[in-house]
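Below is one structure, written out as structure tokens, with a few remarks after it.
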Amino acid sequence: MHKSDCSFLQSRHKYHKRHRKEEFDDVLNNLFNKKFQFRFDTEWKLPVADSWFTAPPWKVQELETLKSRLNFHKSQLNDFDIEEWSSHTRRRNPAGEVCWKIRCLVNPEFLTQAWTKFYECACSYNIIPNEAVTDGKMVSLHLCEAPGAFITSLNHYLKLNYEHIEWQWLANTLNPYYEGNSPSNMISDDRFMFHTLANWDFGEDNTGNLMDWTNSQAIVKNATALGKVMLVTGDGSIDCVQRPDAQEEVTSPLHYCEIVTALQALSEGGTLIFKLFTTFEHSTVSLLYLVNHMFKEVNLYKPVTSRQGNSEVYAVCLQYKGVASLEPFIPKLKMAYGTSLYENASLFTQEDVPDSFVKQIEECAYYFSSLQCQVINNNLQAYLMQNNIAFNIDVKKIRSVVAAEFIRQYDLRPLEYDQEVLKGVLHEENKINTNPRYHRGSFTERQLYSNMTLKGKCSSLDTFLKSDIMAMQIFIKETVRWKTFYEEESDIKLVFTYGTPLVAVNSTKFMFVPIFKLYQQIKAEGEFMEIVRHNPVDNMAVDVIEAKIMTLPDLNVKDNYDGYEKKCLSNLLEILKGMAVGESLQLNNYPLLTHFNVSVFYVLCKKCFEKIGFTSTNSLVLCNLVNVKGIQYLEEIERECEARGGASVVLNSLPVNVTNVGDFYSNVVQYNNTFYRNLCASYLSVIQRALSNTVD
């Protein structure tokens with residue numbers, strides 16, 4: 001939306017400002033000021049390096065009591081369906097209309113809840129250092145950043161408030177294009193990343209894993225090479241859906257890696273903003289004690305647009321004292337980085353953390369956990385009183401007032417498209433969403449699944465297949481879908497990507513996530529796959545045209561996936577070299593899950609065969625070889641694979657902005673959706689028949 005398009009909406013916004021009801025002033029003040037600031041004591045001292053990570057984990061009784069209290073309140077939600085409860089709390093969220101209002105009045109680039117949370121941090125604290133303002137330039141580093149809304153939010157804030165600052169940025173996250181990464185720890189949304197890949201650093205091994213020391217040091221080196229890093233953000237988290245009572249313990253090792261990386265990258269005077277959850281554990285107490293020594297001011301802040309019922313808070317650390325004071329301790333920090341030592345020992349001994357600091361932690365923990373407990377209780381009562389009309393009207397009024405106050409307080413205004421990072425591209429794009437929302441059940445239901453009989457598990461998965469997945473309109477309906485991609489005149493430029501060899505495919509950009517997760521869940525049950533091995537499903541491949549037929553072998557359990565896909569290329573090349581112009585090839589069992597294999601298939605489609613048949617089985621039909629010379633591209637890929645080996649292998653031969661777009665990409669996704677949906681159905685049918693003859 002351009003500035004000229006907003007006059008009517010802006011006038012409505014001014015009306016809301018003038019008529020804000022005073023009855024909500026106290027509510028607004030509480031919502032917009034959930035803050036805690038540490039009070040540094042000059043008598044606090046960092047312990048000597050030799051004592052770091054030498055003591056076992058320890059506990060503070062007062063914090064343990066607060067933790068038990070909070071977990072009791074959270075446990076009351078165990079039997080609620082997660083989607084149903086989320087829907088209820090979304091309706092109750094006082095900031096629930098903020099994004100909608102901002103989209104109407106401001107329409108910023110890549111608006112998400114993360115966008116609003118960062119903007120609140122930026123406006124609530126002086127996060128742009130004076131040196132950046134004076135110098136007129138700054139570098140920002142964004143750790144665990146996917147999908148990228150902190151970056152577009154920072155851009156919006158700078159353009160409205162510090163337009164003269166010349167800004168560069170670098171971001172890191174788990175690489176969504178590396179199929180070895182787990183989807184439970186990774187944000188797969190690449191709408192922004194896809195267009196800004198040059199600014200994303202996935203480390204030495206291309207996984208993007210920040211918990212690897214070598215990757216961390218590469219990121220620090222590349223960020224500082226751009227100039228003075230005056231702002232670092234860390235928005236990392238780990239899926240705790242199976243351990244909701246241990247969120248702090250599960251995520252703490254990642255937060256440690258974020259902080260250690262940030263402290264090495266930041267320039268003196270810089271700002272660090274990172275997400276954390278509760279402050280009950282020794283690990284968080286120690287990290288916050290360290291951070292208080294490294295910055296002149298440390299705040300914990302819960303933005304109004306952070307869901308009230310969760311434990312999320314942001315540490316806003318201002319005026320970094322510089323890396324020089326940290327350097328004597330870096331060998332110790334490295335020793336625990338991404339290792340079991342961090343989880344098995346404490347950063348500082350309990351005796352080395354002053355009681356006066358622990359008292360502040362207790363005060364902070366009590367404040368934020370009490371807010372969360374109160375919200376959970378209120379939401380539970382509201383759930384039982386859903387028919388109370390007057391009560392619901394009051395919530396609607398608050399939501400409207402909060403949204404108007406957000407824009408007023410932070411003086412949000414639109415940008416012109418040419419001021420955005422991508423100059424309006426994201427407003428126009430309609431990219432395939434391969435990770436749609438789907439039913440996940442309650443925590444209790446998920447726990448019960450793990451204790452079900454095999455028949456119960458099979459029935460549960462079959463219900464999910466037939467209800468959620470069958471409803472998706474993302475499949476090939478015909479027996480074969482013919483497509484023409486061949487381009488005689490165009491050239492393909494191979495661009496090789498290297499990294500850690502792929503052991504197994506844990507995620508893919510070429511299939512809808514719910515289908516892939518169902519496939520993985522079936523495969524993860526050893527007894528299910530034992531039944532399938534003894535009762536193999538029928539070969540779904542069908543002969544489509546007169547063609548040579550090549551059936552690639554299944555992945556051997558003992559092989560890693562990297563070796564398997566390289567073997568597929570070798571076998572494929574062997575048959576292609578024996579083909580003549582005009583011949584066709586039916587490929588059976590050629591997996592299109594990885595960027596490596598999809599890039600090989602892209603070369604076949606664009607430079608070798610006249611047309612391609614995507615079947616509803618596991619067959620790909622390469623019809624009419626028209627260009628034998630196109631095979632040379634595949635030979636070049638094979639030579640590069642043979643030249644690389646060991647710890648760094650060829651992961652891809654084409655950029656993702658070549659293979660992951662347009663009709664080619666959508667047809668690969670639909671082919672995989674269809675095949676793996678059908679395969680899951682066949683597996684479950686075989687398993688159900690076998691189990692029907694057994695006794696639980």
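For Lys137, the amide hydrogen comes within under 5 Å of the amide hydrogens of Glu166, counting only partners 5 or more places away or on other chains and with H modelled in the peptide plane. Dividing the mean sequence gap of close Cα pairs (under 8 Å, 6+ apart) by how many residues region 452-692 holds gives a relative contact order of 36 percent. Each peptide in 595-602, 637-644 gets a packing score, the mean of other Cβ atoms within 10 Å over its residues, and the list from highest to lowest is 595-602, 637-644. Between Phe40 and any residue 5 or more places off or on another chain, the built amide H atoms are never under 5 Å apart. Each peptide among 658-671, 317-330 gets the average number of other Cβ atoms lying within 10 Å of its residues, and from highest to lowest they stand as 658-671, 317-330.
Looking at region 487-573, which trypsin sites (Lys or Arg not before Pro) are DSSP coil and have at most 11 other C-beta atoms within 10 Å of their C-beta? Filter output for region 487-573: Lys493, Lys558.
Set the Cα radius of gyration of region 19-106 against 2.2 N^0.38 Å, with N its number of residues, and you get 1.78. When the Cα atoms of region 556-696 are aligned to their principal axes, the ranges along those axes come out at 59, 38, 31 Å in descending order. Looking only at the chain, where both bridge partners belong to it, what percent of the DSSP beta bridges are antiparallel (to the nearest 5)? Rounded to the nearest five, the antiparallel share is 60 percent.
Relative contact order of the chain, taken over Cα pairs closer than 8 Å and 6 or more residues apart, is 17 percent.
The Cα center of region 567-595 and the Cα center of region 298-340 differ in position by 51 Å. The dipole here belongs to the chain: it is taken about the Cα centre, uses +1 on the Cβ of Lys and Arg and -1 on the Cβ of Asp and Glu, and is about 1700 debye. Here's how it looks for Arg481: its modeled amide H is under 5 Å from those of Phe614, Thr615, which are all 5 or more places away or on a different chain. For the chain, the residue among Ile398, Gly234, Ala547 whose Cα projects farthest onto the positive side of the dipole built from Cβ charges is Ile398. When you restrict to C-alpha pairs under 8 Å that are six or more residues apart and normalise by the size of region 284-356, the relative contact order lands at 32 percent.
Please name whichever of Ser216, Gly613, Tyr498 sits farthest to the positive end of the charge dipole of the chain, dipole taken about the Cα centre and charges placed at Cβ: Lys and Arg +1, Asp and Glu -1. Sorting the options by dipole projection puts first Gly613. Calculated on the Cα set of the chain, radius of gyration then Dmax: 27.5, 84 Å.
Short to long, the 10 Å bins of the Cα pair-distance histogram for region 452-692 hold 7, 30, 35, 21, 6, 1 percent of all pairs.
Where a number appears in this text, it was derived from the coordinates with a stated rule and is not lab data. For clarity, every value in this text was computed on a predicted model and none was experimentally measured. Note that we place each Cβ from the backbone using ideal geometry, even for glycine, and neighbour counts take in every protein chain shown.
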